[in-house]
Structures are given as C-alpha cells and as structure tokens.
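**Q** Dropping a structure here in structure tokens format, bear with me for questions.
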Amino acid sequence: MNLLIAGFAVFIMLAGIGVVGFTYYSTNVVLPDEITPPQATTLYAFDNKTIIAKVGDQNRTLVTIDQIPQYVQDAVAAAEDRNFYRHSGVDYKGIARAGWNNLSGGDKQGASTITQQYARNAYDNLKDDTYARKVKEAILASKLNDEYTKPQIMQHYLNVIYFGRGAYGIEAAAQTYFGKSVKNLKPDEGAVLAALIKQPEPSATHQGYDPAVNPTAAQDRWNYVIDGMVKEGWLGVAGKPERPAEYPKTIKAPKKGGIGVDFGVDTPYGNVINYVRQEMRDRGLCVEKDAEVTDTKPRCSQALMAGGYRIRTTVDTKIQAAAVETAQRKSKGSELAGQPSNLMAAVVAIDPTTGRVLAYYGGDNGTGTDYAGKNTDSSGAISGGHSPGSSFKIYTLAAALKEKKSLESRWKGKAFTPEGTKFKVSNAGVDNPSCGNSCTLKVSTLKSLNVPFYYVTEEIGADKVVDMAKQAGVTTMWRTDTVPAKAYDLTKTDPKDITPEPFFNVVGYGQYPITVLDHANGVATFANGGVYNKAHFLYSVEKQNPNTGKWDKVYSEKLDSKRRIDKGVVDDVTSVLKDYPAAVNHRLDDGRKAASKTGTWELKGDSSDNGDAWMIGYTPQLATAVWVGNVKDRKPLLLKDKRKVSGANLPGDIWERFMNEALKGKPKVDFPPAANVGDADSGNGEAPPPPPTPDLPGLPGGPGGQPCDPLTNPFCPRNDGNAGGNTPGGPGRPGNGGNGGNGGGLLPSLPPSNRD
C-alpha cells in the first residue's frame, strides 16, 4: 500500500511538472501594468478637501510603494509570507499539498506566497480552489517574479488585496480602519491591517480578524505579526522602529449600512453624484456605446463605479448645509419641521458669475425622486417640473421690455375671456383690480396680476416669452394637457414651433412646469446682468496614473459666458424685483439689497387650493430658487395652522433664511439703476385718470400730504379689498388655462390672505 501511494504521488508530481512546464511556455501572460483593478471614485466639495461622496464597485484607491511605509510592507510579509524577500515567488509545497487534497477530498486550502496571492486576486480565471488553479497561479507567480522586483510585486499586491469592511487595497483599509492615509500609519496600525488579510470577515467556521467582530482573535493575530517582524529583524533592532508596547486603541468602528463604497448616495449629495455622472458624459469623459470604449474613455455606466476618479465639485459645504438645514424636513429647526407630511421643499443656489451650483437640495438621497431636477421612469418618460406660477413672470417682463414695452406702459387689468377660449383670465379671482384697465407693467409685476401679462404675451407672441426663458437658462418645459405631462427640450426646439400649441398665452404667467434647477439658472442670468453661465456641478476631474501614482487632470472647468439678455432689459427687471422682498416681508439682513418674486399655482383646474409655491430671488453674488409642493401625490398645500401655502409664506421663509445664512460675511453689493428702456405708450391699457381729490389731512393724497396714485404706486392704501394675484381661468386652450393659485404679490397694507 505504501509503495502504491508513493508511486501515485510521484506520478502526480511528474504530471504536475509536465503541466506546469507546458503551460508556462504556452500561456500568454498578461502583466500587471495592463490590469488596473477597479477603484472607487471620490467626490470632493469645492474646497477640494471635504469628501462628499465615494462610490464604486470596490472601495479602492491605488498607491505606489513609496507611499507605503517599509514597516507596513514588512508587517504584511510577516503575516502572509515571511520568505517573501527570499523565494522565487512560488510555494511548491503548497502546490503538491493542493494536488493531494484535490484527489483525496481533503481541505482545498493551501498556503500561497504573496506573489501567488496577487496573481489569484488580479486574474479572474484564478478564483476557484482547485489543483488546476494552483498550477496556473504558480505559472503566473513565477513569471511575475521574473518580470518585477519585490517592491513592485508588493505594491501590486497591496493595491488588490481585500481587508474587510468593503476596503480593497491598503489605502482604502487605512482610511476605513484608522481614518488616515497609509503613508501616515504607525507600525502598530500597519500590523492591525496585516493581521486582517488572512480572514477579514466572518465565515461559517471562523469569526475572522476584524477587531470590532472578534477582538480576541484579532489581537492574537496582531501579536503573531509583531512577533514575526521581530524574528525577521524588521522591528526592535537598530535602524528599525521599536516594538509596539500595546494593541492600538484608535481603530474606528464599522460604518453602519455596510461597506461604505456608496458613501454619499443615501444623503442629499446623492443627487449631486447623479449630475456629475451626466456631466462626465456631456464633457466626453465617458461614452455610452461599448464600441466607443477606450483606455481613456470608459463606459459611462461604469465610469464612476470603477474609474477611480478624484472629482472636485462646485458645491460649497457651508451653503449646502444652509440649504439642507433650512429645507430638509428631518433637520431639527428646519422650516418644514412639524409641517404636514405631504409637504416637500427643494432649494438650488447658483453663483451667477460662473454658473457653479453651490447648493442643491432635491431630496434626501440619490436613488429616490429628485424634486429639484429631472426624473426618468421605467417607460422613459421624463418628469420633474413644477408650475412656476407668477415667478415665471420675470421672463415675460423681460420679453416685453426686449420688444420695446416699458415698465410704465399701461395694460388692461380687468378679467376677460380671450376670444376663441372657454376660460376666463383673472387675477386670483379678482375681476377688477385697483388699477382697472390702466395697469403699468411695474405695478402688474409687484401685484402679480395675470391679466396684463396675458395681454403682453398675446401681443408680443408666446414664442418670445418661451425664448426669453430659454435664453435665461430654462432647458425643459412640460405641457400639461397630456398624461403624463410631456417634456420639451427647449435647447433643441425653436420656440415658434411650440407656440401657441402646445404652449399657449398662459405661459406668460407660469402655467407650464419647469425644474427648480432650471429656474435657478434663469434667475442667475438676471443676477449676472443678462450674461448666461450654464449651471454645472463639475469643476475638475483627475485620474490616477497606475505607474507613477500621480493624479493627472483629465478635465478642468471651462466657462462659456454669453450675453443672452440685454443689460438694460435686466436692469429694468431688477429695478422692479428689488422692491419685492419688502412687499412680501422677506427683506434680507442688514439692509442687503435683493430682488425676488413669488409664484403659486393651483392644485388642479377646478380647485382654489394651491399645488405649487415658489420664491425665487437673487443678489449679484447668489441666485436661489425655492419650491414647495407635494411628496408624491398632489394634495392641497396647507400649513400646520391650516393656512394655504403660498409663495410668500413657507417658500419665502426658506428663501430668506437660506439667503441670510449663505451670504453671511459677504460684502453687500447693490444693483445698477434702471435703464428705463421701451415705450411708455406701447401698452393696450387706458390713460391714467387724474389724481384723486385730497380729503384726508396729512395722508398721501390728502391736505398737507403727497398725492398717492394706486395706478402708479403699488404701496398706496387700497380700499377695494382685492388681493391681486395669479389666476388664469378654467379649461379651454392647451394646458387648460387653470386657476393659478390664490394671491399674487399681496402687499403689507392689504388684508392678510394667501400671498404670492
């Protein structure tokens, strides 16, 4: 029996040697430099220091051997392969043992050198535990040992090996367990990581060596590593570090939620990740088709997950925090805290001079609905817009001024039914505003009257209004007479082709949905005096050179500022909107000048309830759009005290608080004066009546006081009880006309009803 066993063993060994020899000379080995292991992508805030997200199939960041302290390398050798610096890369005893175990049905585990372990982890065809795998592993290890130096092999090994907690490679492990880079690890910390390699996570037979899971075994393994380093002369001798006195106490606890590769996805920064992915595609950093994939341009679906990029975003952490703390329901003290559960808010803030998105809050994570941007459902339908109501009138006003209508031009303001339609155009239910049929564009804007803006749109053409919104930065608009609402890409469409069908004259006062991001971009163009900068999240992209470890910049921000709106037009619009914060009681702190506009839109065509509410506004340094609406299904927007949500209450509160916080410490900058463009006689309204007869001593318009004409001064006292506002009529033309929501620009002197 012994002779039989010995003969069989010799046969196996000879056969194995033959297989090894044949395969060695016949296999075309792919060398490590041609294999870049998948790396996680790290996203930074604009400060280029604060990590806001990290995503990837594997949490890995490549490092070069010169970034790994020698005592960390030695700790790994002491743990996994104490002969690493002396052998030729192959453990022949392990191969023979694997062959015997494979035949006898014994344990398939076999000792491997660091070089063999690297080969097994780097090559996909070496994942099975068989004798054939051991042979292939040995072939590759031998060739690797011939081709590379020991430090090079150690570098490759330490960049691919798994350390548990989702950390692949020594750099990710150092960050995961100690919150520092590998270059800053101390000898005792390096030994902790080395001890993990044998079994970083629990199995059915062993709890592994994670200190948080199996502290006793982890420390025993750590002592084994330290003892090995001392025995090999890598610790405690002249020129080497002293032996650590005790086990480290600074090991971080595991993160909740798993491996940490998707850090940031389940936070408000998750939507920023989605935009970065889109912008990488738009900038040509990745491609959609497999046939177009190159070494420098990966497939977009895998670019972030495996590309190992370092991405600097435009997000300002201070301003982002202000947005989240103000608008996120679960943030303690936010404006939504304690409000009805159906209410949702979205905030986008942009630097007007660059187009950089400084803050973006569209939801609590990057996998759910983005309430500030676009969403695509399983059928490919694009959604995400909200009816902007009277806040859209900034574009209508600018379009009118461009067509030579002046702020002092007068327009009819009494309710009417447009010819060929079935709906009545009114002003939040007010058929006869105080200015009657002689409402200036300035007063119509401040009181948010719909009728004058309908007439303006009809006269200059709805295409002019849509084009002005497009020039300012609105890229997408939805028609509302289809289910689901159909999106139109304004960047690829001539406004003349989509007006008056499907976008009818009611576009002039904001029936058709747009996104919060687009509205913020449009507002930013006004804040920048009519010069457009495309809103963006991507500032720079770097990719690591696997050979040198250096980070090569593959993309840098390229601004393309363009004047899209005449400066005089914008100055006149701003001259009106800068009176609005005071009109709706949302002045900024310390007398800081700001321009703003509210907007409210109805819940549905036959309802007096509101479904969307906005506050938009800007200073020369910051442009912000705030929307408040529903989570999921549309319900009446009501505050906890049962008041209707309108632009001037909850959205206004969010806007004011956010702007004050975001601009804190920044210089106060004023707006340029009005340019007074256009023709004052260009409207369809009636000439103003003479000033009222003075009859009240000391008051405006009375004896001893100054005349106060409500037709030219929106701050005059009113006696008609009408609120003005934001109400198109009922069903009729495309988009249904609608009822626009209640209230529009209610001034402090007016009765306290819904404000727009």
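The values are calculated or read from the model by the stated rules, or taken from the named source; none is laboratory data. These numbers were taken from a predicted model, which means no experiment stands behind them. Neighbour counts run over all protein chains shown; Cβ positions are idealised from the backbone, glycine included. Side chains included, ligands, DNA and RNA excluded: accessible areas come from the protein's heavy atoms. Shrake-Rupley method; radii C 1.70, N 1.55, O 1.52, S 1.80 Å.
**Q** When the residues of segment 331-386 are narrowed to those that are among the hydrophobic types (A, V, I, L, M, F, W, C) and surrounded by fewer than 17 Cβ atoms within 10 Å (Cβ to Cβ), which ends up nearest to LYS644 (Cα to Cα)? Lay out the reasoning, then the answer.
**A** Our first condition is that a residue be among the hydrophobic types (A, V, I, L, M, F, W, C); within segment 331-386, this holds for 336-337, 343-350, 357-359, 372, 381-382.
After this cut, where a residue has to be surrounded by fewer than 17 Cβ atoms within 10 Å (Cβ to Cβ) as well, the list is 337, 381.
Numbers: ALA337: 17, ALA381: 31 Å.
Only one residue tops the list, namely ALA337.
**Q** Looking at LYS562, LYS567, LYS543, which one is at pLDDT 95 or above, surrounded by 14 or more Cβ atoms within 10 Å (Cβ to Cβ) and on the phi < 0 side of the Ramachandran plot?
**A** None of the other options fit; the residue is LYS567.
**Q** Name the helices (runs of 4 or more DSSP H) wholly inside segment 514-586 in which the number of residues that are of a type in the set (Val, Ile, Thr) and under 30 Å from ALA485 (Cα atoms) is 2 or more.
**A** Details: elements: 516-527, 567-577, 580-583.
Here the list reads 516-527.
**Q** Scan segment 180-192 and tell me whether some residue there is within 25 Å of ASN545 (Cα to Cα) and among the aliphatic types (A, V, I, L, M).
**A** Yes: segment 180-192 contains one or more residues that are within 25 Å of ASN545 (Cα to Cα) and among the aliphatic types (A, V, I, L, M).
**Q** Against the condition in contact with a helix residue (DSSP H, G or I) (Cβ under 6 Å, 6 or more places away or on another chain), at pLDDT 95 or above and not small (Gly, Ala, Ser), how does VAL677 come out, does it pass?
**A** Judged against the criteria, VAL677 is a match.
**Q** Among the residues of segment 587-601, write down those that are surrounded by 24 or more Cβ atoms within 10 Å (Cβ to Cβ) and either assigned to a loop (DSSP other than H, G, I, E, B) or over 27 Å from the mean Cα position of the chain (by Cα) (or both).
**A** ALA594
**Q** Let me ask something else. Tell me, which residue of segment 452-494 that is assigned to a loop (DSSP other than H, G, I, E, B), aliphatic (A, V, I, L, M) and surrounded by fewer than 23 Cβ atoms within 10 Å (Cβ to Cβ) is modelled with the lowest pLDDT?
**A** First pass over segment 452-494, keeping only residues assigned to a loop (DSSP other than H, G, I, E, B): 461, 473-475, 479-486, 493-494.
Going one step further and asking which of them are aliphatic (A, V, I, L, M), we end up with 474, 483, 485.
From what is left, the residues that are surrounded by fewer than 23 Cβ atoms within 10 Å (Cβ to Cβ) are 483, 485.
On the way: VAL483: 89, ALA485: 92.
This residue is VAL483.
**Q** What residue, among those in segment 192-241 that are in a loop (DSSP other than H, G, I, E, B) and polar (S, T, N, Q), is most open to solvent (accessible area, probe 1.4 Å)?
**A** Ranking the candidates gives THR205 first.
**Q** Taking the condition at pLDDT below 95 and open to solvent by 30 Å² or more (accessible area, probe 1.4 Å), does ASP316 pass?
**A** no
**Q** A follow-up question, please. Could you give every pair whose Cβ atoms fall below 7 Å, whose first residue belongs to segment 222-244 and is free of Cβ contacts under 8 Å to residues at least 24 places away in the same chain, and whose second residue is open to solvent by 60 Å² or more (accessible area, probe 1.4 Å) and assigned to a loop (DSSP other than H, G, I, E, B), counting only separations of at least 6 or pairs across chains?
**A** The qualifying pairs are VAL230/ARG243; GLY236/GLU242; GLY236/ARG243.
Condition check ((1) outside any loop (DSSP other than H, G, I, E, B); (2) within 19 Å of GLU335 (Cβ to Cβ)) across all residues:
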{"position": "TRP627", "(1), (2)": "yes, yes"}
{"position": "ASP633", "(1), (2)": "no, no"}
{"position": "GLY647", "(1), (2)": "no, yes"}
{"position": "ASP653", "(1), (2)": "yes, yes"}
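**Q** Can you find, within segment 304-332, the residue that is farthest from SER540 (Cα to Cα) among those that are of a type outside the set (Val, Ile, Thr) and in a strand (DSSP E or B)?
**A** Selected residue: GLY307.
**Q** Still on this structure, I have one more. For segment 630-663, how many residues meet the condition of being in contact with a Phe, Trp or Tyr (Cβ under 7 Å, 6 or more places away or on another chain) and farther than 12 Å from THR598 by Cα?
**A** 0
**Q** Output the residues belonging to segment 407-451 that are in contact with a Pro (Cβ under 8 Å, 6 or more places away or on another chain), assigned to a loop (DSSP other than H, G, I, E, B) and open to solvent by less than 30 Å² (accessible area, probe 1.4 Å).
**A** Correct list: GLY413, PHE423, SER426, CYS435, SER438, LYS447, LEU449.
**Q** Can you tell me how many residues within segment 171-188 are buried (at least 23 other Cβ atoms within 10 Å of the Cβ) and not in a helix (DSSP H, G or I)?
**A** 1
Per-residue answers, yes or no, for (1) at pLDDT below 85; (2) open to solvent by 40 Å² or more (accessible area, probe 1.4 Å); (3) charged (D, E, K, R); (4) more than 25 Å from ASN145 (Cα to Cα):
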site	(1), (2), (3), (4)
LEU3	yes, yes, no, yes
PHE11	yes, yes, no, yes
SER26	yes, yes, no, no
ASN48	no, yes, no, yes
ILE52	no, no, no, yes
GLY94	yes, no, no, no
ARG97	yes, yes, yes, no
GLN109	yes, yes, no, no
ILE114	no, no, no, no
